[in-house]
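What follows is a short report on a single structure.
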Amino acid sequence: MSGAIGRSLRRLEDPRLLRGEGRFVDDLRPEGCMHVAFVRSPVASGRIRAVEGGIVAADLEGSCRPLAVHLTTPGAVSPPRPILARDRVRFVGEMMAAVVAPTRYEAADAAQGVSPDIEPLPAVITFEDALAEGAPLVHGDVHGNLYFAGHRSYGDLDAAFHGADLVVEGEVTHPRVAAAPIEPRGVVAQPDGHGVTVWTSTQVPHLVADAVAECLDLDRRLVRVIATDVGGAFGVKAQVYPEEVLLAWIARRLGKAVKWTETRSEHMQAASHARDQRVRFSAAVRKDGRVLGLRATVWSSIGAYGIRPFGPLLDPLGTAGLMTGPYDIRDYEYTTYAVATNKSPEGPYRGVGMVTAVLAHERLMDLVAARLGLDPLEVRRINFIRREQMPYRSVTGHPYENGDYAAALSAIDHAELRAQRDRARAEGRLAGVGVASYVEYTGAGSSTFQGRGMDDIPGVDTARVWVAGDGQVHVQTSCPAMGQGTHTTLAQVAAQALGVEPDAIVVEQTDTAAVGPGTGSFMSRGSVTAATGVFRAATLLKELQAENGELDVTVTYDAAQAAHPYATHACLVEVDRET
């Protein structure tokens, strides 16, 4: 063993990137490459009368299917998303046409020259708009503008409320947000014999390949997707976009390479947004601060379409499933709504579903403390799952392996923080003390996605470790790096197994022709699924090389269950009244 794990290293990928030797999508310039620009809807809802110019939906008829989401979740619907809008537009930024030109600037000029004829229609933007009686429907076959309405009840909630000393109610709203990676999205596609090769800035290259093959009716082996260097993602690139499919179609139709690089304004309009949720809760509470039972209603604005591969279920199920957080609440009931609205589709972003759940259960703890005149830390302490209860399965089925949630409270000098707050207030400053605790699910495997009915997500990831012609050990996994130091982590893991130094390992970005099957880099999965696969493959390589000279080993790994790390944060916050 080299002791590579646990050492503090300079990131191995940084020198290349700092020298300007990164290979991002916009750096790719295949010979004869043409450039693509899109004509996008300027209205949130409208009927398309005509689009004259460029490639339009009618041109795709019979050769490019809509982007479908395959769900087995009872009651969930996710209408296919057209690659180019045909009769209706449902959000500002939806693609209606594509133009191709020799340069990016000529393509942009040509797109501006296309003037679609659109009849504006009433749009639904808020939860109230969408769920009102007689509201305009985003999709004619999505009744009541509900993609999904879920309800679950655990324990004996009536008894919990009957035995309570008081009922505490509250509501939190998380606004719609949008990720802003330094590198926007981008795609290059090039015909490859009877198939196509796609370079894309993505977190999920194998899922992109699956979707391109399905939409273009190609054998999956004829679709190769290569993840370039990714200049940030944050979840917004953890899905399949119509642009990726359309670029592949155009490349095959023209018989030449084509390229599209997203502008920042396009990104804000057409890339997926996130959150846009409201949670209303009611808790049965004992006078000592113990929460006996909890009811919650969750509304999630999904936008105009469910995204592939998650459909409309990410936030609605994620938030409802983690509403009890690190607290020992055994009587719980939730109703969750996935609401269709005339907005950009909702997708993952940094702690998808979990952030709003934390906002809600921490607001609950603070409201309980305020109603009863108790210390907010002590309210949390009395409700925490205790160390001796571990391992613990939450009321909604999340397995918490271990933890001492109250330990962080002991480390917080709450009295000193409050004293500092009081001194600041005495001077007329606006100061307060905050504390928040959470658990999150990470490293999900196939069982998690199958349990949610998300059939487009295999849940497994693959690692390949081999000795290349340059004499060095190379590593590739189905989880691409996104600028977070993943290559250094995987190099350390491989080095530990092989007994070499990390800088002797070459870690490559994902190429679906070289490694697979796989799911991708999201939900804090890489250090669980990809790294475990690398360690097993490297260990096996060392063993087989000694036995029979084998120099190329591939391992596919499926995490048996998600892991649930936790944390508590405390802070003294001052707000400048003037700014």
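The values are calculated or read from the model by the stated rules, or taken from the named source; none is laboratory data. Just so it is clear, the structure is predicted and the values come from calculations on it, not from any experiment. In this analysis, Cβ positions are derived from the backbone assuming ideal geometry, glycine residues included, and neighbour counts consider all displayed protein chains.
The strands (runs of 3 or more DSSP E) falling completely within the stretch 464-569 that include 3 or more residues that are hydroxyl-bearing (S, T, Y) and farther than 23 Å from P15 by Cβ map to 552-557. Every condition in (1) surrounded by fewer than 16 Cβ atoms within 10 Å (Cβ to Cβ); (2) at negative phi is met by V433 except one, and the failing one is (1). Residues in the stretch 173-185 that are surrounded by fewer than 16 Cβ atoms within 10 Å (Cβ to Cβ) and outside any strand (DSSP E or B): A180, I182.
I'd like to check something: does the stretch 158-176 contain any residue that is touching a Pro at 6+ places or on another chain (Cβ under 7 Å) and over 30 Å from R290 (Cβ atoms)? Scanning the stretch 158-176, I find no residue that is touching a Pro at 6+ places or on another chain (Cβ under 7 Å) and over 30 Å from R290 (Cβ atoms), so the answer is no. Of everything listed in (1) outside the structural domain of K343 (by TED's automatic domain parsing); (2) farther than 20 Å from G516 by Cβ; (3) surrounded by fewer than 18 Cβ atoms within 10 Å (Cβ to Cβ), the single unmet condition for G170 is (1). Being more than 28 Å from S41 (Cβ to Cβ), in the same structural domain as G293 (by TED's automatic domain parsing) and surrounded by fewer than 18 Cβ atoms within 10 Å (Cβ to Cβ) is a property that does not hold for L137.
Comparison of V500, V555 shows that the only residue that is over 18 Å from A227 (Cα atoms), over 22 Å from the mean Cα position of the chain (by Cα), modelled with pLDDT of 95 or more and not hydroxyl-bearing (S, T, Y) is V555.
Candidates in the stretch 68-82 are the residues that are within 17 Å of V138 (Cα to Cα) and of a type outside the set (G, A, S); of these, the one that is surrounded by the fewest Cβ atoms within 10 Å (Cβ to Cβ) is P80. Taken over the stretch 398-422, the criterion of being assigned to a loop (DSSP other than H, G, I, E, B) and farther than 25 Å from T319 by Cβ is satisfied by D404, I412, D413. Per the listing V177, V138, V198, V142, the residue uniquely in contact with a strand residue (DSSP E or B) (Cβ under 7 Å, 6 or more places away or on another chain), more than 30 Å from E333 (Cβ to Cβ) and of a type outside the set (S, T, N, Q) is V198.
In the stretch 405-419, the residues that are within 13 Å of T568 (Cα to Cα) and in contact (Cβ under 8 Å) with a residue 40 or more places away in the chain reach residues that are of a type in the set (A, V, I, L, M, F, W, C) and in a loop (DSSP other than H, G, I, E, B) with C-beta atoms within less than 9 angstrom, at least six apart or across chains, in these pairs: Y405/I385. When S153 is tested against (1) closer than 25 Å to S265 by Cα; (2) of a type in the set (S, T, N, Q); (3) surrounded by fewer than 22 Cβ atoms within 10 Å (Cβ to Cβ), just one condition goes unmet, and that condition is (1). Residue pairs whose Cβ atoms lie under 9 Å apart, separated by 6 or more positions or on different chains, with the first residue in the stretch 304-315 and assigned by TED's automatic domain parsing to the domain that holds G75 and the second of a type outside the set (G, A, S) and buried (at least 24 other Cβ atoms within 10 Å of the Cβ), do not occur.
Among the residues of the stretch 267-292, those that are touching a Phe, Trp or Tyr at 6+ places or on another chain (Cβ under 6 Å) and crowded, with 24+ Cβ neighbours inside 10 Å comprise A274, A284.
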